[in-house]
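Student: Sharing a structure, written as structure tokens. Questions coming.
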């Protein structure tokens, strides 16, 4: 189990987050929430990374707000400045992990957090690798062709938010980037990794998790 902490973001203000510390880690990872907020499921992902040897920090991008209502979640997500949150809170989380003596830091996220991971890989020099689960930022937010960090994407064939067509377009844009990228598709629905979702798929979750760890081991 991790701890709730406060860390300094890129603007010098305080951001809260959940820190799960690994035993004798060399690398860190920033875990970015779905549109529900920093809930127990996301904290569990951070714990899972800590058990795998990565100290993980999940910043609270909604300042304490958490919901299970899709309409409220959509309201909170649409009210978030995605680029601003990335350049402020995500950048601060990376800096905090580096301040713990970690050699490299990756960013990963789900849904909204996956989209923010794309933005981080393009805009944050401190992002050493990115792992995105079914999240794509609007074209006006960022051009994936500017990806600076090794990137891995996980998408579902029946996703009605990050559609297969949108995932294909993302892959095409990443092909023009200087950083290496890889994309994986799974027969399933949006949020297949979330064990609290009706879309949860244990087989796809385990396969994507193994691919994530292999990717991080290669690029960190």
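Values quoted throughout were computed directly from the atomic coordinates according to the rules given, and no laboratory measurement underlies them. Not measured: the values here are computed from a predicted model. A quick note on method: Cβ atoms are made from the backbone with ideal geometry, for glycine too, and the neighbour counts reach across all protein chains shown.
Student: Would you kindly state how much longer the chain becomes between residue 4 and residue 179 on full extension, computed as 0.36 nm times their sequence separation minus their alpha carbon distance, in nm to one decimal?
Tutor: 59.6 nm
Student: Using Cβ contacts closer than 10 Å as the measure, can you line up 90, 142 from fewest to most?
Tutor: With the sparsest Cβ surroundings first, the list reads 142, 90.
Student: Something else about it: For residue 74 and residue 213, what is the calculated FRET efficiency with R₀ set at 35 Å and r taken between the beta-carbons, to the nearest 0.05?
Tutor: Efficiency at R0 = 35 Å is approximately 0.65.
Student: With each label point set 7 Å from Cα along the Cα-Cβ vector, what nm distance links residue 95 and residue 51?
Tutor: 3.3 nm
Student: Simple spin-label model, 7 Å along Cα-to-Cβ: residue 195 to residue 139 in nm?
Tutor: 4.0 nm
Student: For segment 3-219, what is the Kirkwood estimate of the hydrodynamic radius, computed as the reciprocal of the mean inverse distance between distinct Cα atoms, to one decimal in Å?
Tutor: Hydrodynamic radius (Kirkwood, Cα pairs) of segment 3-219 is 16.8 Å.
Student: Report, to one decimal in Å, the Kirkwood hydrodynamic radius for segment 1-106 based on all distinct Cα pairs.
Tutor: Result for segment 1-106, one decimal place: 13.7 Å.
Student: Contour minus end-to-end for residue 157 and residue 81, with contour as 0.36 nm per residue of separation and end-to-end as the Cα-Cα distance?
Tutor: Separation in residues times 0.36 nm, less the Cα-Cα distance, equals 24.5 nm.
Student: I want the antiparallel fraction of DSSP beta bridges within the chain, as a percent rounded to 5.
Tutor: Of the beta bridges lying entirely in the chain, close to 30 percent run antiparallel.
Student: Let me know the shape class of segment 117-220, please: from the alpha-carbon gyration tensor, a ≥ b ≥ c as square roots of the eigenvalues, rounded when a/c is under 1.5, otherwise prolate if a/b is greater than b/c, or oblate.
Tutor: oblate
Student: How do 219, 190, 184, 75 line up, fewest other C-beta atoms within 10 Å first?
Tutor: Ascending Cβ contact count within 10 Å gives the list 75, 184, 219, 190.
Student: If packing is taken as the mean number of other Cβ atoms within 10 Å per residue, what is the order of 121-128, 76-83, 27-34, 54-61, highest first?
Tutor: 27-34, 54-61, 121-128, 76-83
Student: May I ask you to derive the relative contact order of the chain, considering only C-alpha pairs under 8 Å and at least 6 residues apart, and to give it as an integer percent?
Tutor: Averaging sequence separation for qualifying contacts and normalising by length gives 16 percent for the chain.
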